[in-house]
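One structure below.
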Amino acid sequence: MGMSPDNLQRFIDQHPAVFVAIFPMYFLCLWLLVGATTSVIGGWFSLAKLYRTRVPFNGTKWRGQSGQMRWLANYNRVLTLGVSPQGLYLASMFLLRFMHPPLLVPWSEIKVRRKKGWVFEYVIFTMGHELAIPLRIRGKLAAKLRESAENCWPVEET
């Protein structure tokens, strides 16, 4: 029996319990695949090898934030960003945590520069001197982070 769309539909019609049992596993596998792919493409996976943190973050945090990493890896309203004297904290929403462990990138490993977009001003954090993984966030959020970081904030490039 070849798996043409008609044969697949016939199989599902004849065995609905199998479909009901398999679909959640399919969905979970797809969810994990998308999370893993985004982590690797965006650079989070590479950053985690150096900057993964397992201790609770002790600093000011902003939840539900958005950012963009390498190769258009978008994180819309799923990031928690924080600042402390130790560095910049990044975490993703619990449901998207697969291959996205919390990170604490030391300020000494971050370059900051501003960029004017069509509508908004952005700030780009380039993390890891060897890796040079970008994280682009809105200027308004960067201003809050900078204010909270005070004198820990890296010198901005022009």
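Computed from the coordinates by the stated procedures, all read-outs in this text should not be read as laboratory data. These figures come from a predicted structure and were not determined experimentally. No Cβ is skipped: glycine too gets one built from the backbone with ideal geometry, and neighbour counts run over all protein chains shown.
By the scheme Lys and Arg +1, Asp and Glu -1, what is the net charge of all other residues having a beta-carbon under 14 Å from that of residue 127? The answer is +3.
Ranked for footprinting exposure by Cβ neighbours inside 10 Å, fewest first, 54, 70 give 54, 70.
Dipole size in debye (nearest 20) for the chain around its Cα centre, Lys and Arg Cβ +1, Asp and Glu Cβ -1?
Details: 19 positive and 9 negative charges, 84 e Å.
So the dipole magnitude of the chain works out to roughly 400 debye.
Compactness of region 1-93 was expressed as the Cα radius of gyration divided by 2.2 N^0.38 Å, which yields 1.62.
Bin all alpha-carbon pair distances of the chain at 5 Å intervals from 0 and give each bin's fraction as a whole percent. Spelled out per bin, shortest first, that is 2, 9, 16, 20, 16, 10, 6, 5, 5, 5, 4, 3, 1, 0.
I'd like the antiparallel share, as a percent to the nearest 5, of DSSP beta bridges with both residues in the chain. All intermediate terms of the calculation are to be shown ahead of the outcome.
On the way: 31 of 33 bridges.
Here the antiparallel bridges make up roughly 95 percent for the chain.
Determine one quarter of the surface area of the Cα convex hull of region 111-158, which equals its mean projected area, and express it in nm² to one decimal. Please list the in-between numbers first.
Values: hull surface 13.8 nm².
Computing the convex hull of the Cα atoms and averaging its projections yields 3.5 nm².
With respect to the chain, whose longest principal axis is taken over its alpha-carbon atoms, helix 16-42 is tilted by about 30°.
A straight Cα-to-Cα reach below 23 Å connects residue 61 with the lysines 49, 111, 140, 144, residues fewer than 8 places away in its own chain not being considered.
Counting charges near residue 116 (Lys, Arg +1; Asp, Glu -1) among other residues having Cβ under 13 Å from its Cβ returns a value of +4. Our coupling estimate for region 129-140, obtained by passing each phi through the Karplus curve with A = 6.51, B = -1.76, C = 1.60 and θ = phi - 60°, is 4, 6, 7, 6, 8, x, 10, 9, 10, 5, x, 4 Hz, Gly and Pro reported as x.
Selection among 65, 129, 87 by position relative to the dipole of region 34-158 gives 65 as farthest towards the positive end (Cβ unit charges, Cα centre).
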